[in-house]
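Every number here is computed from the coordinates shown, using simple stated rules; none is lab data. Since we're looking at a predicted model, the values are computed, not measured. Virtual Cβ from ideal backbone geometry, glycine too; neighbours counted across all protein chains shown.
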Amino acid sequence: MDRLSLFPTQDGSLTFWSETYQQSFHSDAGARIEAEAKFVIPAQIAAKSQTQEHLNILDVCYGLGYNSAAAIAAASQPHSNAHLQIIGLENNLEVPQKAVADRLIDIWSPEIVDILTKVAEYQCFTSSDRQIQLLVGDARQTIQQVPPRWADAIFLDPFSPPHCPQLWTVEFLQLLADRLKPDGYLLTYSAAAAVRTALLSAGLQIGAIAAIGRKSPSTIAAFAPMPLPPISQIEADFLKTRAAIPYRDRHLNATATEILRDRQLEQSQSNLPSGSSLRKTLHSLCRNPSSCPSTLKIKPACHPINI
């Protein structure tokens, strides 16, 4: 079992630190802020809840339930009439249950606290205008229970690719794309070139969301011709390096070690330039302000990219 310890964030909300993954579930900028700014707001949950009769959200790596909670709050604003349905995928039921037991969810309204509590205890909640279901197990298998073209929004929030590559592979992201409606959005905090390459291979276009709590921007993806905020030229350049070689899991049952090993082997055999060589070039240019590309002139120096 994972050992979970409390991890305070700057907006006053608490999250967990995972001993297994050696990462916190949210950045120290703020757990609630991340849920709202990286997932709910760019997915236009509030606006869609006012114009649609049904609003479906797939929350991949439900965790503490914050992303779903933020979506419920946004869909509960005045003039929101949509019936909200959320399917959460979670491998470790202890996480939402401990979030309830330790009262981390008390940052939300009493109504939302009641919903999250019932989901953690019974893995479901149903009312006249809300339906939340939590599917517990390996997301590579439980996603098969989600209908095709079902989701208006997909929140992709696993631990980082080097720590949890199983949920960032070409094959798994294709399964996600298959569940997304033609006018839906897929949101993730990751800007890794390997992740963005996998999203592109799944038939999605990609855009960038301003960095919040991390050095790199987040990613929004959708089917064309949905308008998206463009990625920078620097980010596009990283898609032409070995850093963009994606994670693969052809039979959707490989271990993290196997996925990482196979990607490293593919990278070692590639003729593409390395991501580190591109970073060195960019840093060298930035030492000379006259030659530094205009897109790099962002305080304090070069635009950082998480690969």
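So the values come out like this:
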| item | result |
| --- | --- |
| Helix runs (DSSP H) in the chain reaching 15 Å along axis by Cα, Kyte-Doolittle at least 0.0 | 110-122 |
| Extension gain from Q131 to A256, taking 0.36 nm per residue of separation minus the Cα-Cα distance | 41.7 nm |
| Number of Lys pairs (Cα under 21 Å; 8 or more positions apart or on different chains) in region 4-262 | 6 |
| Counted charge near G207, where neighbours are those whose Cβ lies closer than 15 Å (Asp, Glu -1; Lys, Arg +1) | 0 |
| Lys/Arg +1, Asp/Glu -1 at C-beta; region 4-262 dipole; positive extreme among Q44, A236, L180 | A236 |
| Simple label model, 7 Å out from Cα along Cβ direction - M1 to L93, nm | 1.2 |
| Nearest-0.05 FRET efficiency for Q145 and K240, computed from C-beta distance (R0 51 Å) | 0.85 |
| Net charge contributed by nearby residues that have their C-beta within less than 10 Å of A153 (K/R +1, D/E -1) | 0 |
| Gained length - R103 relative to D138, 0.36 nm times residue gap less alpha-carbon distance | 10.0 nm |
| Distance histogram for region 140-280 (every C-alpha pair counted, 10 angstrom bins, percent rounded to whole numbers) | 12, 42, 36, 10, 0 |
| Per principal axis, descending, Cα span of the chain in whole Å | 59, 40, 39 |
